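The values are calculated or read from the model by the stated rules, or taken from the named source; none is laboratory data. Predicted, not measured: the structure shown is a model, and the values here were computed from it. Don't worry about glycine lacking a Cβ; one is built from the backbone with ideal geometry, like all the others, and counts go over all protein chains shown. Side chains are part of the model used for accessible areas, which takes the heavy atoms of the whole protein and leaves out ligands, DNA and RNA. Shrake-Rupley method; radii C 1.70, N 1.55, O 1.52, S 1.80 Å.
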Amino acid sequence: MDRAKVTSLVFKLKEGQKEYFDEFYAQTSAAAFYLAKKYCGASEAEDVMQEAYLSAIALARKKYLRYRRFAARLSSIATATRSRTGRRKFLPS
């Protein structure tokens, strides 16, 4: 993932240029899936990612989206999911 590219995409999303979301997803989805899988396991990772990206869209609309906020949001959703499912430890990859 090219962090500078992601930062540029975040600024474009904040400006309302929704056509850049697909590229944002392409740049961040592998890392997001890895984190979600570590927290929740493969069976829940896609649901966690979906919640995180929906949250990212909402944050972009409010102009609060930053890469760090997106990563933090992903972590908080994954942690909440892990708590709901009773998983307490990182899972092996």
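Of all residues in the stretch 27-51 being open to solvent by 50 Å² or more (accessible area, probe 1.4 Å) and of a type in the set (S, T, Y), which is farthest from the chain's Cα centre (by Cα)? Among residues in the stretch 27-51 that are open to solvent by 50 Å² or more (accessible area, probe 1.4 Å) and of a type in the set (S, T, Y), the one farthest from the chain's Cα centre (by Cα) is S43. A residue that is touching a Cys at 6+ places or on another chain (Cβ under 6 Å) and closer than 16 Å to A80 by Cβ cannot be found anywhere in the stretch 49-58.
Flag not set for F24, criterion: among the aromatic types (F, W, Y), open to solvent by 60 Å² or more (accessible area, probe 1.4 Å) and modelled with pLDDT of 70 or more.
Here E19 meets each of (1) within 23 Å of T79 (Cα to Cα); (2) out of contact with any Phe, Trp or Tyr (no Cβ under 8 Å at 6 or more places or on another chain) with one exception, condition (1).
Within the stretch 40-71, the only residue that satisfies the criterion of being within 17 Å of R3 (Cβ to Cβ) and modelled with pLDDT of 70 or more is A56. Filtering the stretch 1-32 to residues that are free of Cβ contacts under 8 Å to residues at least 12 places away in the same chain and either part of a helix (DSSP H, G or I) or more than 14 Å from A58 (Cα to Cα) (or both) leaves A4, S8, F11, K12, K18, E19, Y20, D22, A26.
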